[in-house]
Amino acid sequence: MIRAAVRALAIFDAFDNEHLSLSLPEIAERIGMPKTTAFRLIDTLERTGFLVRMDNQRYCLSLKLARLGGLVRSTLNIRAIARPTMLDVNEQTSETITLNAIVGNDRMVLDAVDTPSPLMSMARPGERLPLLVSASARILMAYMRPERLEQVLAANVRSNPFDRAAFDREVARFRRQGYGISRGQRVPGLTAVAVPIFDINNEVHYCLSLTGPSVRVDSRDQQLAQIMIAAGREISSRLGASPDNGVDLRLLATDGDTSRGTPAAGAKRGAKAGAKAGAKSVTRKGSGPQAKAVAKRVTKPAAKPGATDRARQAAEASGQPAAGRPRRTALTPG
């Protein structure tokens with residue numbers, strides 16, 4: 001990403017329902033940007049018609065954005081918005097990725113990208129499943145309004161064994177951590193990781209799910225969860241969700257990490273988490289000096305060769321002894 005563009009776009013995220021107009025200092029403070037930088041960007045956005053400066057020297061969004069928003073609504077649907085991200089996640093994880101929606105009291109698969117592996121979870125667009133079991137169903141239920149949740153439960157638990165207390169604890173945990181994992185809830189041997197997708201009203205009517213054989217998924221479930229969280233936030237941003245539920249451009253504008261919030265960034269965080277877990281497992285297996293030394297080799301990168309090492313390598317390559325070190329000679333027994 002181009003950082004200047006990210007900074008300019010971050011200004012739009014400074015506005016919300018509680019902040020319909022802002023002064024220059026308020027905008028700079030809300031996006032964590034120096035006033036001089038914020039002034040140049042705001043001046044450019046005002047001159048190009050995206051911001052309006054009012055008589056009280058406060059700024060608000062212009063109707064030009066409303067016109068562009070109308071074009072978006074007439075040309076894009078959730079499948080078109082989510083598809084590029086689904087393909088990206090499928091390429092990174094090699095597992096089946098599905099886009100799901102609430103339809104009545106069921107969950108419907110809107111779109112699917114299959115894994116290239118012969119051992120796979122089958123999901124077909126248009127398939128309807130009970131809105132009760134699986135990570136996808138429960139992450140959708142975790143964000144329902146209480147009266148709607150009771151309606152869905154009443155329609156789905158009649159012929160299914162159901163522990164309401166355990167269910168309440170699980171959906172509360174899913175909402176708190178921002179993702180859900182289920183193991184064999186719907187199909188034995190399958191593990192699913194699901195994340196919510198927020199719309200322009202910050203409501204959840206869709207979710208993104210990764211499904212695969214437990215033998216492949218369970219060992220890397222936390223890494224996959226980070227990738228899925230980033231993917232869900234990316235799609236939510238395209239649907240107009242607030243920075244709290246989408247990619248926060250205000251953070252990108254200040255820390256310079258323009259890959260943050262993307263599935264690729266989620267993969268990096270997941271890989272780091274896996275590396276730390278691996279190092280911890282080494283130290284748990286042994287507590288002596290030898291085990292600690294092994295853990296240090298796992299986590300510490302190899303040192304770069306110094307000047308002495310480089311001189312020695314060059315001398316050995318030329319067949320000459322390195323300075324300060326006698327050349328070894330092979331002795332032949334007589």
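The values are calculated or read from the model by the stated rules, or taken from the named source; none is laboratory data. Keep in mind the model is a prediction, meaning the values are calculated, not measured. Neighbour counts are summed over all protein chains in view; Cβ atoms, including those assigned to glycine, are modelled from backbone coordinates with ideal geometry. We work out accessible area using only protein heavy atoms, side chains counted, and drop any ligands, DNA or RNA first. Shrake-Rupley method; radii C 1.70, N 1.55, O 1.52, S 1.80 Å.
Here are some notes:
- Every condition in (1) open to solvent by 50 Å² or more (accessible area, probe 1.4 Å); (2) at pLDDT 90 or above holds for Leu22 except the one numbered (1).
- Among the residues of the range 32-63, the ones that are in a helix (DSSP H, G or I) and over 31 Å from the mean Cα position of the chain (by Cα) come to 8 in all.
- Among (1) touching a Leu at 6+ places or on another chain (Cβ under 8 Å); (2) in a loop (DSSP other than H, G, I, E, B); (3) open to solvent by 30 Å² or more (accessible area, probe 1.4 Å), the one test that Arg79 misses: (2)
- Unique residue being at pLDDT 90 or above and of a type in the set (Asp, Glu) when the list is Glu46, Glu127: Glu46
- Listed by position, the strands (runs of 3 or more DSSP E) contained in the range 96-159 that have at least 1 residues being open to solvent by less than 40 Å² (accessible area, probe 1.4 Å) and without any contact (Cβ under 8 Å) to a residue 24 or more places away in the chain are 106-113.
- On the stretch given as the range 207-226, residues that are at pLDDT 95 or above and closer than 20 Å to Leu110 by Cβ total 4.
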